[in-house]
1. Looking at 294, 249 in this structure, which one is out of contact with any Ser or Thr (no Cβ under 7 Å at 6 or more places or on another chain), at pLDDT 95 or above and either exposed (fewer than 14 other Cβ atoms within 10 Å of the Cβ) or closer than 23 Å to residue 202 by Cβ (or both)?
2. Which of (1) at pLDDT 90 or above; (2) outside any helix (DSSP H, G or I); (3) not acidic (Asp, Glu) is the odd one out, the single condition residue 179 does not satisfy?
3. Quick one: in segment 212-240, of everything that is under 22 Å from residue 306 (Cα atoms) and open to solvent by less than 40 Å² (accessible area, probe 1.4 Å), which residue is modelled with the lowest pLDDT?
4. Enumerate the helices (runs of 4 or more DSSP H) found wholly within segment 90-151, keeping only those where 3 or more residues are open to solvent by 70 Å² or more (accessible area, probe 1.4 Å) and either at pLDDT 85 or above or of a type outside the set (Asp, Glu) (or both).
5. Which residues, taken from segment 34-67, are of a type outside the set (A, V, I, L, M, F, W, C), more than 14 Å from residue 79 (Cβ to Cβ) and open to solvent by less than 20 Å² (accessible area, probe 1.4 Å)?
6. Which residue is farthest from residue 90 (Cα to Cα), if the candidates are limited to segment 21-63 and must be in contact with a strand residue (DSSP E or B) (Cβ under 9 Å, 6 or more places away or on another chain) and part of a loop (DSSP other than H, G, I, E, B)?
7. In segment 152-181, what residues are farther than 20 Å from residue 103 by Cα and open to solvent by 70 Å² or more (accessible area, probe 1.4 Å)?
Amino acid sequence: MRVSLLPLVVLTVAPAFAGDKPEPKYEGKPLAYWVAQFQKGDTAEQRAPAAEALKAFGPDAAPALPTFIEMLADRSPAYRSQVLVIVAAIGPAAKAARPAVLNALRSKPAFDFGHDRFALNALLAISPEPKDVVSALAPLLEDQRLGGGVYEQLCAIGPPAKDALPALRRYVLSKVAEGITEPVWTLASVGPDVVPLLLELLEAHQGRSRYEALRCLEALGPKAASAGPALQKLLAHHDPHTRYRAAVLLWACNNSSDGVPVLAELLTQLPTRVEKERYTVSRHFSAHDAVQTLSEIGPKARAALPELRRLVSTGFAVGIVAGVGLSSPEGARALATNYRVNSDGSLTPRTPYHELMELGRAADAAIAKIEQKPNP
């Protein structure tokens, strides 16, 4: 049974509304009434109406903050979670509750992700400056129970989280060592200060971690211009998909066309088209992707014109050769190597001829963009 804090509430709340300012009320009842109602509830369901009322007071509930701080010492995670939501609704006026919120976050009851999330949200809501939150959260990355939620909150803060980069680096590298690469992608929201860490991941790791680091650089775009030398090295990588990503990123991050010869080479090395993978994190790329990138680069991609013209010729030739077979449904089905599922569930037969003709048309459009001519 909890000790009633109502006398404290009455003493704390009453002086705050002295003077001409009318006392805020919810459904005609003052703050002290709703705090007392909250304390009387023995279950989360019984406390819910009072909790909603106290949230509605927002910053006007600040006079009861000492009482809420006392409530945060309760050993029930469910109880504390409701109080944390109320404290968060008060906002920066509740900054005095920060030590109590941190204690609630560090407490070691049975793991309850919801409780941790409420505590983190409250910490963000009551901290006047993002840097205050960063300095409070960075040490908590070492806590295995809290690390994931704390990491996400730090990244969500954005560029101010750069002050926690040493702790973020340790966390990311430990996860990559465990084979968990998803946190790499979240780093993009912190801004360009994460580029050195991304380059470290590119050089020291392979597979999914490298893919996520490249995705992160893509999200940063021109802000990741300092990655140019590392991307230049990747143009010689043994994996064609990595070479493709490096060429694309040199254009996206550095406005550099140095990757154009690689893209031209990949027009014959990459598969004509890659169906979207459903169950893999990394994505493979196709000649269609390379053609599209060359089209976006435009006039600076003139070095790729010979290979693009070859694709146009190939597409035109196979169209003539396969014309009879593709002119009827029966002929198309006879030549089909796979089928495309349409939105209505029907199947469209696909053949190597389809793909080569489509690639030829795409190459023709790219040539028009590079030569800056209207595409007929």
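The values are calculated or read from the model by the stated rules, or taken from the named source; none is laboratory data. The structure displayed is predicted, hence computed values, not measured ones. Note that each Cβ is placed from the backbone with ideal geometry, even for glycine, and that neighbours are counted across all protein chains shown. For the accessible areas, the whole protein counts, side chains as well, though only heavy atoms, and no ligand, DNA or RNA atoms are used. Shrake-Rupley method; radii C 1.70, N 1.55, O 1.52, S 1.80 Å.
1. Result of the check over 294, 249: 249.
2. (1)
3. 240
4. Because the criterion is at least 3 residues that are open to solvent by 70 Å² or more (accessible area, probe 1.4 Å) and either at pLDDT 85 or above or of a type outside the set (Asp, Glu) (or both), the helices (runs of 4 or more DSSP H) in segment 90-151 that meet it are 98-106.
5. Residue satisfying the conditions is 58 alone.
6. By that ranking, first place goes to 23.
7. 156, 159, 162, 163, 166, 169, 170, 177, 178
Let's see how each residue does on (1) modelled with pLDDT of 95 or more; (2) open to solvent by 70 Å² or more (accessible area, probe 1.4 Å); (3) over 42 Å from the mean Cα position of the chain (by Cα):
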site	(1), (2), (3)
320	no, yes, yes
323	no, no, yes
330	no, yes, yes
334	no, yes, yes
338	no, no, no
341	no, yes, no
344	no, yes, no
349	no, no, no
358	no, no, no
